[in-house]
Amino acid sequence: MAPADAVTILALNSGSSSLKFGLYRVASARTEILLSGEAESIGARVGKFCARDSRQIELVSETTSIPSQREAIIRIGKLLARSNLPAPAAVGHRIVHGGPKLRQHCLIDDSVLGQLAAATAFAPLHTPAALSVIRFAREHFPGLPQVMCFDTSFHATLPEVARVLAIPKELQSEGLQRYGFHGLSCES
């Protein structure tokens, strides 16, 4: 039985040609994975869609074409709909880099999407795919709060010396700094 304060969260981790996902029951005392999976080789002629339950029992393993992130989101939605699991109450998105303005995890709205799009140069292989996944997830799960979680957030409080150490002053004056990566992994 789920704790009274439990909420179900869908986590999406988009790569340049993949989309990993997990459905979690989150309570104040613990987090439990309910379902996990991945859409691989999105946009390629042949891809793979697979998912496992909390006991790592394979629920689906298909070798098929997954032409876009939209199709991957649709497959995830269908999988969730036919499972006997609770529907997500919110969606979280892993974002590699939010640029200089998006440094803390935040609720997604149109303004934040615009800021992320403006920061595409900081993660050009990942950000366009992440933006697509966010747009499609907002369409597929309308009304659910959706949150961006940045890999760079963990390092956002680096001391000034750590942010600029070994970077020439002329590049610092142009805004170049160290951001740090894989912060979500470091934090967990």
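The values are calculated or read from the model by the stated rules, or taken from the named source; none is laboratory data. Computed from a predicted structure; not experimentally measured. Glycine gets a Cβ as well: all are built from the backbone with ideal geometry, and neighbour counts include every protein chain shown. Protein only, heavy atoms only, side chains kept; ligands, DNA and RNA dropped before computing areas. Shrake-Rupley method; radii C 1.70, N 1.55, O 1.52, S 1.80 Å.
Applying a threshold of 8 Å to beta carbon distances and a minimum spacing of six or more residues, or different chains, the list of pairs starting in the stretch 48-60 at a residue that is over 11 Å from Gly22 (Cβ atoms) and ending at one that is polar (S, T, N, Q) and open to solvent by 20 Å² or more (accessible area, probe 1.4 Å) reads Lys48/Ser41; Lys48/Ser61; Lys48/Thr63; Lys48/Thr64; Phe49/Ser61; Phe49/Thr64; Cys50/Ser61; Leu59/Ser83. Of all the residues in the stretch 1-37, those that are in a strand (DSSP E or B) and either basic (Lys, Arg) or open to solvent by less than 40 Å² (accessible area, probe 1.4 Å) (or both) number 15. Sub-6 Å Cβ pairs linking a first residue in the stretch 147-161 that is in contact (Cβ under 8 Å) with a residue 12 or more places away in the chain to a second residue that is of a type in the set (Asp, Glu) and part of a helix (DSSP H, G or I), at least 6 apart or interchain, are Phe154/Glu187, ordered by first then second residue.
Give the stretch 137-188 a look and list any residue that's part of a loop (DSSP other than H, G, I, E, B), at pLDDT below 90 and under 30 Å from Lys78 (Cα atoms), or say none. Selection gives Asp151, Ser188. When restricted to residues that are out of contact with any His (no Cβ under 8 Å at 6 or more places or on another chain), surrounded by fewer than 19 Cβ atoms within 10 Å (Cβ to Cβ) and within 17 Å of Ala11 (Cβ to Cβ), the stretch 136-153 contains 4.
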